[in-house]
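The values are calculated or read from the model by the stated rules, or taken from the named source; none is laboratory data. All of these numbers come straight from a predicted model, not from anything done at the bench. So basically every Cβ, Gly included, is an ideal-geometry build from the backbone, and we count neighbours across all protein chains shown. Ligands, DNA and RNA are stripped out before the accessible areas are found, and what is left, the full protein with its side chains, is counted by its heavy atoms. Shrake-Rupley method; radii C 1.70, N 1.55, O 1.52, S 1.80 Å.
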Amino acid sequence: MRHVRLDTPKPISKIGLGTWQFGSKEWGYGPEYERRAAEIVRRALDLGVTLFDTAELYGFGRSERILGAALGDDRAKVVVATKIFPLLPVAPVVQQRAVASAARLGVDGIDLYQVHQANPVVADTTTMRGMRSLQDVGLVGEVGVSNYGLRRWRFAEAALGRRVLSNQVRYSMIDRGPEEDLIPYAEQAGRIVIAYSPLAQGFLSGRYDATNPPAGAVRRANPYFLPENLERGTALIATLREVADAHDATPSQIALAYVLRHPNVVAIPGASGVEQMERNAAAAEIDLADDEYAALVAAAHAFRPVTGLAAVPRMVRARLGG
């Protein structure tokens, strides 16, 4: 397993494990998934994964409990990351919620405590005052943010008076916004971009097409899985398959290798089973040649999905079977 080359108390693996699905009914994995989740975590540890990401919002605390129990005595050896839901994130509330998350995780300290989303009303000044207090008493190691633009990320760091180590954002071959400013900033300043949905919720896996759309509430709410977009993505998936064949890999592994090519980017894909966890971890070892990366970039730029307001009537029709 490869790691980000930064001065952190514990090494941060290039592939982490995202646990949104732990304890969250919307993924539709069924009641037996809680047992499987523990198996996934144990296998991730075996494979050298050191970054485990959760949030108090995931399953309303169940994800944190499941993850903490699965890590067991290894909790102190890895980077346990969680996120505060930014409902009234003033300093006292931040402190109280960190204590609650640490209790659910079963840890004495949260290695990386992140603001899940920028609050449009509450300034980061008070939020970061709470974070600074948590760091001062040793309950929080590093502070991070999520879904922040570059300007607000830098403002949060100024408010904290210390580094805000990471910004967790949607980043994949078809969600390339972070390449414009967040990733260059991370590389220049010695920070980390944590890529969530690095496989675009499975769109880049090649498992789905217009005749085989995904099931489950989460993916059905994603416009990328409209039949029209699945059809438009055919050429992109074909390019992924071509590069994957050259590496004896899967399209998903190549899509992960694409985002990991940046030295200050780590990815936190989820896993529905042990085998998927193994494939995800193996992607960290794939080195894309320059011409392969260029071909992937070109294919990604050529993909023009229907999104935003234009996708709404199509999604309604798809839901109604029209």
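Please grab the % of Cα pairs in the stretch 42-169 that end up more than 20 Å from each other. Don't jump to the answer; show the numbers that get you there.
On the way: 3148 of 8128 pairs.
So the portion of pairs separated by more than 20 Å is 39 percent.
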Glu278 and Phe85 label points (each 7 Å along its Cα→Cβ direction) are spaced in nm at 3.6 nm
Per-residue accessible area, 1.4 Å probe, largest first, puts Leu57, Leu105 in the order Leu57, Leu105
One computes Rg over Rh for the chain from alpha-carbon atoms, with the Kirkwood Rh, and obtains 0.96
Ignoring ligands and nucleic acids, Val93 exposes an accessible area, probe 1.4 Å, in Å² to the nearest 10, of 30 Å²
Probe 1.4 Å, heavy atoms of protein chains only: per residue, the accessible area of the chain in Å² is 44 Å²
Taking r as the C-beta separation of Tyr293 and Lys77 and R0 as 35 Å, the FRET efficiency to the nearest 0.05 is 0.55
Taking 0.36 nm per residue of separation between Glu231 and Ala246 and subtracting their Cα-Cα distance, the length gained on full extension comes to 3.0 nm
Two pseudo-spin positions, 7 Å from Cα along C-beta at Glu285 and at Ala238, lie apart in nanometres by 3.2 nm
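For the stretch 1-137, which whole percent of the accessible surface, found with a 1.4 angstrom probe, sits on carbon and sulfur atoms?
Working: 3390 of 6060 Å².
C and S atoms contribute 56 percent here.
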Sparse-neighbourhood loop hits (GluC sites (Glu not before Pro), the stretch 156-199; DSSP loop; Cβ within 10 Å at most 10 others) -> Glu180
